[in-house]
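A.B. asks: Got a structure here, written out as structure tokens. Questions coming.
The values are calculated or read from the model by the stated rules, or taken from the named source; none is laboratory data. Just so it is clear, the structure is predicted and the values come from calculations on it, not from any experiment. Note that each Cβ is placed from the backbone with ideal geometry, even for glycine, and that neighbours are counted across all protein chains shown.
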Ligand SMILES: Cc1cc2nc3c(=O)[nH]c(=O)nc-3n(C[C@H](O)[C@H](O)[C@H](O)COP(=O)(O)OP(=O)(O)OC[C@H]3O[C@@H](n4cnc5c(N)ncnc54)[C@H](O)[C@@H]3O)c2cc1C
């Protein structure tokens, strides 16, 4: 039996995303929100562990109360419990403050495995998972495409997806693992799951609750965020390419000449 925690993020549908030109923060108002697609793979990993060994899955998020909808999706998929850390004090957190805040709650519950998505489709840093592991003082492995648990040796063997293959890592648990798309197609929620989700209450945790659990409010939200965004700008436009038209032989020799002149060949 394992206790598995799955931190998930509700994200704006990126096709509708805009930036505030003054604060450089994402404008979330009026933008439809969805469960971060990468977190479905983390949920899938958790569900497979539960199917193989039994146990409990806790889905957790830090965000505004509207993020309960993403947690409901996790409950419909098969999570047993859902927790939202929600308070004005957590607003405008960077990845460091987000990971810290999550760590305060998670440190206070039993866990063997923490599965996160590879990255969020809006922030896209991929930092929250590894930072969370650091705050909890546990190992982490990223980009998992296969996870084998050996309960006798209390260790896990993980295949990590690389660009041109994979490597194999072993580690003891408790551990945090970020799950790659190559892990396998995540399942869809069932109708029964949605009915169960509607009946399962979602636990709301405030900043005061986290303080009682040992959290330091200095590290919550904006004031706990060491990141500063001085400027957001689109990447510079690429200069136009050169096309040599006409006879292919001539065009190729012109191309070779141009490359020679630039010292590229
Ligand atoms: C100065 C500054 C101010 C910011 N202000 C805001 C703000 O006001 N509102 C806001 O929403 N964002 C804000 N952000 C962005 C915020 O820091 C990130 O959205 C957040 O920390 C997650 O980072 P990410 O999106 O890169 O996630 P990644 O690190 O790419 O996510 C990886 C995985 O971590 C987990 N995860 C990520 N975020 C959460 C979460 N919140 N709860 C549970 N699990 C999670 C998921 O499993 C996810 O797949 C701000 C960032 C900065 C730098």
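A.B. asks: Any idea which of 22, 31 is within 12 Å of the ligand (Cβ to nearest atom), part of a loop (DSSP other than H, G, I, E, B) and surrounded by fewer than 20 Cβ atoms within 10 Å (Cβ to Cβ)?
C.D. replies: Testing whether each residue is within 12 Å of the ligand (Cβ to nearest atom), part of a loop (DSSP other than H, G, I, E, B) and surrounded by fewer than 20 Cβ atoms within 10 Å (Cβ to Cβ) leaves just 31.
A.B. asks: Just name the residue that is nearest to the ligand (Cβ to nearest atom) out of those in region 69-90 that are within 18 Å of the chain's Cα centre (by Cα), over 19 Å from residue 211 (Cβ atoms) and not in a helix (DSSP H, G or I).
C.D. replies: 82
A.B. asks: Report yes if some residue within region 74-83 is surrounded by 22 or more Cβ atoms within 10 Å (Cβ to Cβ) and closer than 21 Å to residue 28 by Cα; otherwise report no.
C.D. replies: no
A.B. asks: Here's a follow-up. Just one of 42, 46, 93 is assigned to a helix (DSSP H, G or I) and within 8 Å of the ligand (Cβ to nearest atom); which is it?
C.D. replies: Answer to the selection: 42.
A.B. asks: State whether one or more residues within region 183-190 are modelled with pLDDT of 95 or more and outside any loop (DSSP other than H, G, I, E, B).
C.D. replies: Yes, that holds for at least one residue.
A.B. asks: One residue is enough: does region 93-103 have a residue meeting the conditions exposed (fewer than 14 other Cβ atoms within 10 Å of the Cβ) and in contact (Cβ under 8 Å) with a residue 60 or more places away in the chain?
C.D. replies: Checking region 93-103: not a single residue is exposed (fewer than 14 other Cβ atoms within 10 Å of the Cβ) and in contact (Cβ under 8 Å) with a residue 60 or more places away in the chain.
A.B. asks: Still on this structure, I have one more. Please enumerate the residues belonging to region 103-124 that are modelled with pLDDT of 95 or more, within 17 Å of the chain's Cα centre (by Cα) and either within 26 Å of residue 28 (Cα to Cα) or in a strand (DSSP E or B) (or both). Even if it seems obvious, please write down each step before you answer.
C.D. replies: Going residue by residue through region 103-124, those that are modelled with pLDDT of 95 or more are 103-120.
Keeping just the survivors that are within 17 Å of the chain's Cα centre (by Cα) gives 103, 106, 113-120.
The answer is 103, 113, 114, 115, 116, 117, 118, 119, 120.
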